[in-house]
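What follows is calculated from the coordinates using simple rules that are stated; it is not laboratory data. What you see is a predicted model, and the numbers here were worked out from it, not measured in a lab. A quick note on method: Cβ atoms are made from the backbone with ideal geometry, for glycine too, and the neighbour counts reach across all protein chains shown.
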């Protein structure tokens with residue numbers, strides 16, 4: 001049962017353009033959503049997050065949008081840079097019960113930004 | 001400020017053996033979570049430790065066990081290793097207890113079971 005899905009395994013973008021990474025979830029008990037970036041041979045690096053009570057959060061070139069009714073979130077990177085090339089994971093935090101604090105991850109999207 | 005560190009970086013074991021992986025949480029972080037990442041997949045939650053007690057567990061058998069020490073560092077122990085246990089094991093710490101909003105990950109330990 002895949003509660004968090006990233007349906008695009010890969011995305012290729014030209015430098016300077018916008019990168020849009022998408023994520024869908026099924027569990028209404030998630031209360032917090034995060035995006036992580038991962039380079040080979042490194043652990044995931046936290047990028048940006050959003051609470052379920054908000055619909056947008058911005059940090060520099062990164063913006064996360066949350067559509068609760070559609071159970072969908074997206075990460076926008078503007079402008080994209082070659083150094084952004086990495087695997088991007090969407091993660092959702094469980095709000096309570098025995099899974100409180102647990103992060104559920106999507107499968108990841110490989111972003112390649114071409115110079 | 002030192003981030004999350006893990007040891008060893010990689011190791012090779014044979015089926016049936018036991019392994020212990022170690023994690024030092026980021027300074028001031030009191031909660032540690034462990035994740036298993038198989039090739040081509042996202043990390044899967046194993047369990048979380050807070051105040052030296054297990055605080056939540058994912059869908060992993062009892063041969064996966066852990067400890068948290070008074071200095072908040074942690075160990076993951078896996079008994080009776082199976083081939084499918086080959087994966088990257090990630091440790092993450094957070095500063096505010098189980099409700100902490102952001103978890104910060106270490107570089108991982110890559111385990112190969114032959």
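How high is the relative contact order of segment A:1-102, given as a whole-number percent (alpha carbon pairs under 8 Å, six or more residues apart)?
Taking the mean separation of contacting Cα pairs over the length of segment A:1-102, I get 33 percent.
With a Förster radius of 30 Å, plug the Cβ-Cβ distance of residue A:42 and residue B:54 into 1/(1 + (r/R0)^6) and report the FRET value to the nearest 0.05.
About 0.65, to the nearest 0.05.
Using only alpha carbon pairs under 8 Å that are at least six residues apart, calculate the relative contact order of chain B and give it in whole percent.
Numbers: 304 pairs, mean separation 41.9, N = 114.
Reported relative contact order: 37 percent.
Let me confirm one metric for peptide A:103-115, namely the mean number of other chain beta-carbon atoms within 10 Å of its residues' beta-carbons. Working shown, then result.
Details: counts 12, 5, 7, 2, 3, 5, 0, 0, 0, 0, 0, 0, 0.
Partner-chain Cβ atoms within 10 Å, mean over residues of A:103-115: 3.
Going by average Cβ neighbours within 10 Å, how do the peptides A:99-111, B:44-56, A:71-83 rank, with the highest at the top?
On the way: A:99-111: 21.6, B:44-56: 18.8, A:71-83: 16.7.
Ranking the peptides A:99-111, B:44-56, A:71-83 by packing returns A:99-111, B:44-56, A:71-83.
Please work out the Cα convex hull volume for chain B and give it in Å³ per residue.
93 Å³
Suppose the chain between residue A:5 and residue A:110 were pulled fully straight at 0.36 nm per residue; how much longer would it get relative to their current alpha carbon spacing?
Length gained between residue A:5 and residue A:110: 36.4 nm.
Once you average over the residues of A:31-44, how many Cβ atoms of partner chains fall within 10 Å of each Cβ?
Per residue, the number of nearby Cβ atoms from other chains is 4 on average.
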